[in-house]
Each structure stands twice: as C-alpha cells, then as structure tokens.
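What follows is one structure encoded as structure tokens, with my remarks underneath.
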Amino acid sequence: QGEDTGLRKVDGPLSQYGTKNRLLVINPLPKKEATMTTRKATARWTGTLKDGSGVMKYGDVEGPFTFASRFEEGKGTNPEELVGAAHSGCFSMFLAALLSGDNYTPARVQTTASVHLGEEDGPKITSIDLDCEAEVPGLDADKFAQYAQTAKEKCPISRLFAGTVINLSAKLIGS
C-alpha cells in the first residue's frame, strides 16, 4: 500500500475547533528508532534512607552504597560516581570515534567527570565537569577543541543530560 504519512482524517462534530467539517489532522506517530544495544544495571536498597544500604551492579562490577557514601564521605560508591564513569567513558569513546573517522589515531584519551549534586527542589545533578586530556599525533589544538566540543554535544550520555550544565576542559598534549 503506501508509506504511512502520519495523516489521519477525522469526521464529525469538532466544536472545539469551530467547525463541523472534516479536519485533516497530522498525528505524529512514534518513529521507529534504531536500537544499537540495550544495557541493564540493577540496584537493591534495604532499610531507611539514613540507616539502610544498597548494592548497584552493572556488568561484572558490583558496588555497595549508603547514605554516607552518597551524601558524606563514607566508604562505597554512589549513583553520581557511576554517572561520572559512564559520562567520561562515553565521551572518551565518542571523541576517539570522531578522531578516527578523520584518520587521526589517538594515542590516548583520558577524561575525568566531576558530577555535582546540588539542591534544586530536592537533590539534583546540577552540573558535570568533563576534564579531558588527549594525545593525538598530527592534530593541532584548535581542531582538537572542535572535536572535543562535538563529542561533548553528541555522545549519548551528554544527550541524556541535555538539561544539565556540562562544562568541558579539553587539552591536547604531546603535539
């Protein structure tokens, strides 16, 4: 038959639109998204917020977390550290992909993400600082800055946090 254009005919009284005639409505049907992969992580929490404890597991990594590890300086991990690990890893890989796509071979890309937990109508990640150092033979600092900015804007984890301020400091070394 034909391609579904998302157009639908609506018949009958449509007084809210001021007409009783037929109306052609554009219905934004959900587009089929290409799924590259699906990953899972789990968390289990037992007890109260202050006295309880939990375990987060992703892949082969398992980390305990508590109120103290999240909001104080207690032992264990916390969701913000996992966000930072995900963001720094994603950014580094995306930057390497951009560079490789233009025939640059990065010797190394190292990124640290500092995730700031603040208060805006409850706890909220208020900003993320990405601090990146990369060694890329044959690349000048201005071009590197462009690649780094694109990676910051386009890596999947940055896109996930589109409503969060993400600051970038990127330095090319060894060229």
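Restricting to the range 71-82, give me the number of residues that are closer than 24 Å to LYS40 by Cα and either open to solvent by less than 30 Å² (accessible area, probe 1.4 Å) or out of contact with any strand residue (DSSP E or B) (no Cβ under 8 Å at 6 or more places or on another chain) (or both).
3
Within the range 57-175, which helices (runs of 4 or more DSSP H) (wholly inside it) include 1 or more residues that are β-branched (Val, Ile, Thr) and within 22 Å of the chain's Cα centre (by Cα)?
Output list reads 79-101, 141-154, 156-160.
Collect the residues in the range 94-122 that are of a type in the set (A, V, I, L, M, F, W, C) and more than 20 Å from GLY174 (Cβ to Cβ), keeping them in residue-number order.
Scanning the range 94-122 gives PHE94, ALA97, ALA113, VAL115, LEU117.
I want to confirm something. Restricting to the range 98-111 and keeping residues that are surrounded by 15 or more Cβ atoms within 10 Å (Cβ to Cβ) and not aromatic (Phe, Trp, Tyr), which single residue is nearest to THR164 (Cα to Cα)?
My answer is THR111.
Restricting to the range 128-152, what's the tally of residues that are touching a strand residue (DSSP E or B) at 6+ places or on another chain (Cβ under 9 Å), loosely packed, with under 15 Cβ neighbours inside 10 Å and over 18 Å from ARG108 (Cβ atoms)?
Count: 1.
Touching a strand residue (DSSP E or B) at 6+ places or on another chain (Cβ under 9 Å), on the phi > 0 side of the Ramachandran plot and modelled with pLDDT of 95 or more - does that describe any residue in the range 41-54?
Looking for residues that are touching a strand residue (DSSP E or B) at 6+ places or on another chain (Cβ under 9 Å), on the phi > 0 side of the Ramachandran plot and modelled with pLDDT of 95 or more, one finds at least one in the range 41-54, hence yes.
Is it the case that the range 105-117 has a residue that's more than 22 Å from ILE157 (Cβ to Cβ) and not β-branched (Val, Ile, Thr)?
Yes, the conditions are met somewhere in the range 105-117.
Look at ASP60 and say whether it is open to solvent by 30 Å² or more (accessible area, probe 1.4 Å) and modelled with pLDDT under 95.
Against the criterion (open to solvent by 30 Å² or more (accessible area, probe 1.4 Å) and modelled with pLDDT under 95), ASP60 qualifies.
The values are calculated or read from the model by the stated rules, or taken from the named source; none is laboratory data. From a predicted model like this one, the values you see are computed outputs, not experimental measurements. Cβ coordinates were reconstructed from backbone atoms using ideal geometry, including for glycine residues, and neighbour counts include every protein chain displayed. What goes into the accessible areas is simple: the full protein's heavy atoms, side chains included, and nothing from ligands, DNA or RNA. Shrake-Rupley method; radii C 1.70, N 1.55, O 1.52, S 1.80 Å.
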